[in-house]
Amino acid sequence: MTSPHAVPPVEAGDIDEALALIRGQGLRVSTARRVVVEAIFDADDPISAEAIAAGAPGRIALDLPTVYRNLETLEQLGIVQHFHLGHGAGLYVRTGAAVREFLLCDCCAGVRALPPSELDGVRDRVREETGWEARFTHFPISGLCPDCRSES
């Protein structure tokens, strides 16, 4: 099982800023690394390594191990974070200025990203009842979204 990195998120407003952050850490911006960064920034929704490897129209396709290595590096730098929706492969998102936590609808598979502060009440309750300090960054809280709940 993979685990999330304890790296603070960094703000990279665009592809050029992300590439500058990479170079600032003394790392090379290879063609493969550039393709992975571009795919993350171009994605409207969380994206899988498999989707990045397959390539978008007009972009080169990459082998999956190369994509995973580059995503790992980007996560260690705080530029991306990954999370899991059930048993499938991890999904990757830009961190922006903050880490996000996730809600997953069991019915429509909708995903909602939240700042951690919105789940502080849940986290407080878990701590009071069990002593555990809960995080929802790696695996989401699943249930029914408001639309699916009203339909059932």
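Just so it is clear, none of the values below were taken in a lab; they were calculated from the coordinates. None of these values were measured; they are calculated from a predicted model. Reconstructed Cβ throughout: ideal geometry from the backbone, glycine too, with neighbour counts over all protein chains shown.
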Condition set of a type in the set (Lys, Arg) and outside any strand (DSSP E or B), scope the range 102-145, selection nearest to Ile47 (Cα to Cα): answer is Arg135
Of everything in the range 43-63, what is in a helix (DSSP H, G or I) and under 19 Å from Asp16 (Cα atoms)? Give them in sequence order. Ile52
Quick one: which of Thr66, Thr73 is part of a helix (DSSP H, G or I) and buried (at least 17 other Cβ atoms within 10 Å of the Cβ)? Thr66
Exactly one of Ile40, Ile22 is under 27 Å from Cys108 (Cβ atoms) and either touching a Ser or Thr at 6+ places or on another chain (Cβ under 7 Å) or assigned to a helix (DSSP H, G or I) (or both), and that residue is Ile40
Check on His82, closer than 16 Å to Phe136 by Cα and out of contact with any strand residue (DSSP E or B) (no Cβ under 8 Å at 6 or more places or on another chain): no
Tabulated pairs, the range 126-152, first within 13 Å of Asp106 (Cβ to Cβ), second assigned to a strand (DSSP E or B) and β-branched (Val, Ile, Thr), C-beta under 8 angstrom, 6+ apart or interchain: Pro140/Val111
Given the structure, is Ala43 farther than 28 Å from Gly26 by Cβ and out of contact with any strand residue (DSSP E or B) (no Cβ under 7 Å at 6 or more places or on another chain)? no
Per the filter on the range 18-63, residues farther than 16 Å from Ile79 by Cα and polar (S, T, N, Q) are Ser30, Thr31
